[in-house]
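Visitor: Take a look at the following structure, please.
The values are calculated or read from the model by the stated rules, or taken from the named source; none is laboratory data. In this text, all values refer to a predicted model and were calculated from it rather than measured experimentally. Here the Cβ positions follow ideal geometry from the backbone for every residue, glycine too, while neighbour counts run over all protein chains shown.
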Amino acid sequence: MTRRDALWSALASAAASTQSVSSFSHIEKWSVFEAQFPGPSSGTPYIDIEFGADFQFEHRKVSVDGFYDGDGVYRVRFMPDSEGEWLFTTRSNRPELHGKTGRFLCVPPAKGNHGPVAVRSTWHFGYADGTPYLPFGTTCYAWTHQGDSLEEQTLNTLQQSPFNKIRMCVFPKSYAFNRNEPPAYAFARTADSNDYTHVNPIFFQRLEKRVTQLMQAGIQADLILFHPYDRWGYSNMGAENDDRYLRYVVARLAAYRNVWWSMANEWDFVKTKTLSDWDRFFRIVQQSDPYGRLRSIHNGAVLYDHGKTWVTHASIQGDDFDKIPGWLDAYRKPVVIDECKYEGNIQQRWGNLSAREMTRRFWIGTLAGVYVGHGETYMNDQDVLWWSKGGVLHGESAPRIAFLRKLLESNAPGGLTPMSKPYYPAAMKTGEYYLSYFDYHQPVTNQFELPDGASFRADVIDPWNMKITPVDGLQQGKVQSKLPGKPYMAVQFRKA
């Protein structure tokens, strides 16, 4: 009998003599438990009705907010992180929703369920079960606002790509190559006017369906809560409606283990909000989220102060890689360059990098000790650009990024530490693995200093052609390695 079966058998027997409102079910650790209850549907339940539940495991209690899901249905979601029996009791300002009880059994996670991602070892990330996580992300801002056919195509593309994180907007986007209306609106809408007293559950149901599918595919959903590219009014709802929206989104989606929170895309371009607003948004999300999901904010021209305590990691737009050591030293947090511009051929200067340059930026950033995000903006007759609408990938950098990801996961899955003041970009897993990248330089030989008392196997790496060529013999101490004399080559040393 497996550990899961033993837990289920013991607690199911105990439950047989106990009455509860909710049927006794079993939920994987780090998966989503959901309970729903009937309640009032008239008036403005989104505003007027308070609803949530307290979940208890042994002597530990976790308070979770619930939410109104339309048609008189109220839901509460919870992610259990301990195996065994959990009890819950609802709380509400309406008697018909207050004091309802239930229970469920949390069983061991299935294969592939490693739990949520959190910060590990200061500058890196890892899953809750101890498995390392190296973010190799991409950006598809408005992919969940394109209709089922294109959205399913995007999911299929992601599942075949190297990308294990995606930046995506909660709200639709109005920008070049993205002028279509979304299939649904976040709030009741008449003509060009939003009724912020009535949330539209269909809008959020569509979003959480995609978040669920990403979770099942092992992809982190970096959810952008606000952005400036808006013609529907969502960037100018007013403080009260902003705050209520944030609490609602957290109540609906925080239980999904793959969710990250990004307060904004290009926060400094949202002219309807002040710095104190963004600070408040961070505090609301932090206080409303019982799981402490990762939190960041993305910049346009001005960096937010990522050193603030409620920021878990820095999310940066830019390609000034010389600043990376300063960021790592100042923030003492992981740094993700989520937007280093885009591989593509549109006229906008940020959207016409070559695939070779995108590949180069991944290598430069990785060896500097940060994580780099991909984006793609190739013109096509349908105006379906990956960076905005998703669809399929047309560029050549993705397989090269996959090559780099495999290289790191095989040799330094916990992340690399940049080497101090190397002439060429270099990083290591101390004592075990050393990786150097020569960028646009093309030496025919180079000297390396390896740790005393250990032997290493060396390989010459061609990142563009995705080839690894072993060097004969074992390497020790100071070694003079022969190189191809071509730009954009790399060398790795693996402890024998």
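Visitor: List the strands (runs of 3 or more DSSP E) that sit entirely inside the range 177-281 and contain at least 2 residues that are surrounded by fewer than 20 Cβ atoms within 10 Å (Cβ to Cβ) and more than 19 Å from the chain's Cα centre (by Cα).
Guide: On the way: elements: 187-190, 193-199, 220-226, 259-264.
Answer list for the range 177-281: 187-190, 193-199.
Visitor: Right, something else. Give the residue, chosen from Thr430, Thr366, Thr359, Thr377, that is of a type outside the set (A, V, I, L, M) and surrounded by fewer than 16 Cβ atoms within 10 Å (Cβ to Cβ).
Guide: Numbers: Thr366 fails: surrounded by fewer than 16 Cβ atoms within 10 Å (Cβ to Cβ); Thr359 fails: surrounded by fewer than 16 Cβ atoms within 10 Å (Cβ to Cβ); Thr377 fails: surrounded by fewer than 16 Cβ atoms within 10 Å (Cβ to Cβ).
So the residue among Thr430, Thr366, Thr359, Thr377 that is of a type outside the set (A, V, I, L, M) and surrounded by fewer than 16 Cβ atoms within 10 Å (Cβ to Cβ) is Thr430.
Visitor: Then there's this: If a residue counts only when it is modelled with pLDDT of 95 or more and either over 25 Å from Trp260 (Cβ atoms) or of a type in the set (Lys, Arg) (or both), which strands (runs of 3 or more DSSP E) contained entirely in the range 7-117 have at least 2 such residues?
Guide: Values: elements: 25-28, 33-38, 51-57, 60-65, 73-78, 84-92, 101-107.
Result: 33-38, 51-57, 60-65, 73-78, 84-92, 101-107.
Visitor: Also: Run down Val460, Val444 and say which single residue is under 35 Å from the mean Cα position of the chain (by Cα) and β-branched (Val, Ile, Thr).
Guide: On the way: Val444 fails: under 35 Å from the mean Cα position of the chain (by Cα).
Just one listed residue meets the conditions, Val460.
Visitor: Of the residues Leu404, Leu385, which is within 21 Å of Asp462 (Cα to Cα), in contact with a helix residue (DSSP H, G or I) (Cβ under 9 Å, 6 or more places away or on another chain) and in the same structural domain as Glu357 (by TED's automatic domain parsing)? Step through it out loud before you land on a result.
Guide: Numbers: Leu385 fails: within 21 Å of Asp462 (Cα to Cα).
After applying the criteria, what remains is Leu404.
Visitor: Scan (1) more than 20 Å from Arg360 (Cβ to Cβ); (2) surrounded by 15 or more Cβ atoms within 10 Å (Cβ to Cβ) for the single condition Ser420 breaks and write down its number.
Guide: Here Ser420 meets the rest and fails (2).
Visitor: Does Asp439 satisfy the condition of being over 22 Å from Ser121 (Cβ atoms), under 29 Å from the mean Cα position of the chain (by Cα) and not small (Gly, Ala, Ser)?
Guide: Working: over 22 Å from Ser121 (Cβ atoms): yes; under 29 Å from the mean Cα position of the chain (by Cα): yes; not small (Gly, Ala, Ser): yes.
For Asp439, the condition - over 22 Å from Ser121 (Cβ atoms), under 29 Å from the mean Cα position of the chain (by Cα) and not small (Gly, Ala, Ser) - is met.
Visitor: Give the range 282-313 a look and list any residue that's over 24 Å from Pro116 (Cβ atoms) and surrounded by 20 or more Cβ atoms within 10 Å (Cβ to Cβ), or say none.
Guide: Step one: filter the range 282-313 for residues over 24 Å from Pro116 (Cβ atoms), giving 299-303, 305.
Selection gives Asn299 alone.
Visitor: Which condition from (1) over 20 Å from Gly52 (Cα atoms); (2) in contact with a helix residue (DSSP H, G or I) (Cβ under 9 Å, 6 or more places away or on another chain); (3) in a helix (DSSP H, G or I) is the one that Ile284 breaks?
Guide: Only one criterion is unmet by Ile284, namely (1).
Visitor: Return a yes/no flag: does the range 127-148 have any residue that is out of contact with any Ser or Thr (no Cβ under 9 Å at 6 or more places or on another chain), part of a helix (DSSP H, G or I) and surrounded by fewer than 23 Cβ atoms within 10 Å (Cβ to Cβ).
Guide: Yes, the range 127-148 contains at least one residue that is out of contact with any Ser or Thr (no Cβ under 9 Å at 6 or more places or on another chain), part of a helix (DSSP H, G or I) and surrounded by fewer than 23 Cβ atoms within 10 Å (Cβ to Cβ).
Visitor: On to the next question. Take the range 373-419 and flag every residue that is at pLDDT below 95 and of a type in the set (A, V, I, L, M).
Guide: Step one: filter the range 373-419 for residues at pLDDT below 95, giving 380-383, 419.
Across the range 373-419, the qualifying residue is only Met419.
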